[in-house]
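What follows is a short report on a single structure.
Please treat every number below as a calculation from the coordinates, not as lab data. On a predicted model such as this, the values are computed, not experimentally measured, just so you know. Every residue, glycine among them, receives a Cβ derived from its backbone with ideal geometry; neighbour counts consider all protein chains shown.
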Amino acid sequence: MVKKILIVSGSHKKNGNTAALVKWFSEGAKEKGAHVEVVHAAYLKYKTNGCRSCRACQRSSKYECVVKDDAAAALAKFPAADVIVMATPLYFFSASAQLKLIMDRMFSLYKWDNKTDTMTTPLKGKTLVLLASAYEDTGLDALAQPFKITADYTGMRFKSLLVANAGESGDIGKLKGISERTRAFGRKIG
């Protein structure tokens with residue numbers, strides 16, 4: 001079975017560290033026969049900054065955001081993916097704002113029944129992967145926590161490749177062995 005991998009890149013830099021991680025991971029996954037699609041969150045056209053908390057998605061039987069823009073189209077791809085990869089640079093101990101816009105709107109992919117205290121989602125059983133890098137060796141553990149918690153809550157498997165000391169944008173390629181390590185990770189996931 002060919003795995004479908006959806007990568008959401010949260011960096012606006014086309015030749016930065018996150019772009020390199022996405023490229024190398026994709027190459028590895030494709031070597032294993034996976035189908036890889038990349039969504040660049042920084043270049044989507046948004047009608048709203050993040051989730052509006054209108055809760056209209058909760059009144060619908062569909063797992064979709066009712067705000068019709070590029071983010072909703074990207075989120076519509078999540079249920080068909082076997083693996084969802086979130087790629088981001090570390091920004092102030094968190095994900096980039098570009099990626100956070102998508103993450104907040106993931107609310108539409110869940111249905112809560114407060115009377116029975118249950119939740120359903122088409123994401124259950126999938127794999128959530130975090131690819132991230134940081135200039136130095138501080139903060140990646142804090143960055144990973146919301147992704148791990150989301151995966152645990154959702155019933156997803158969680159995997160990550162976190163690269164400390166990646167340096168400034170584009171410097172990650174100077175780290176010995178990181179390109180092959182990332183390709184190997186992509187092969188393992190793919």
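Taking the condition part of a loop (DSSP other than H, G, I, E, B) and either touching a residue at least 24 places away in the same chain (Cβ under 8 Å) or not hydrophobic (A, V, I, L, M, F, W, C) (or both), does Gly33 pass?
Answer is yes for this residue.
Can you confirm whether Ala29 is closer than 18 Å to Ala132 by Cβ and surrounded by 16 or more Cβ atoms within 10 Å (Cβ to Cβ)?
yes
Could we say that Lys4 is farther than 24 Å from Gln145 by Cα, under 15 Å from the mean Cα position of the chain (by Cα) and touching a residue at least 60 places away in the same chain (Cβ under 8 Å) here?
It is true that Lys4 is farther than 24 Å from Gln145 by Cα, under 15 Å from the mean Cα position of the chain (by Cα) and touching a residue at least 60 places away in the same chain (Cβ under 8 Å).
Quick one: which strands (runs of 3 or more DSSP E) sit completely within the range 58-135 and have at least 2 residues that are out of contact with any Gly (no Cβ under 8 Å at 6 or more places or on another chain), closer than 22 Å to Ala20 by Cα and among the β-branched types (Val, Ile, Thr)?
Fully inside the range 58-135 and qualifying: 83-89, 127-133.
Restricting attention to the range 36-53, does a residue exist that is over 22 Å from Ala144 (Cα atoms), touching a strand residue (DSSP E or B) at 6+ places or on another chain (Cβ under 9 Å) and surrounded by 14 or more Cβ atoms within 10 Å (Cβ to Cβ)?
Yes, because at least one residue in the range 36-53 is over 22 Å from Ala144 (Cα atoms), touching a strand residue (DSSP E or B) at 6+ places or on another chain (Cβ under 9 Å) and surrounded by 14 or more Cβ atoms within 10 Å (Cβ to Cβ).
If the Cβ limit is 9 Å and pairs must be 6+ apart or interchain, which residue in the range 153-165 that is buried (at least 16 other Cβ atoms within 10 Å of the Cβ) pairs with which residue that is of a type in the set (Asp, Glu)?
Phe158/Asp152; Leu162/Asp141; Ala164/Glu136; Ala164/Asp137
Hey, Pro79 hits all of (1) under 13 Å from Ser9 (Cα atoms); (2) in contact with a Pro (Cβ under 7 Å, 6 or more places away or on another chain); (3) not polar (S, T, N, Q) but one; which does it fall short on?
All conditions are met except number (1).
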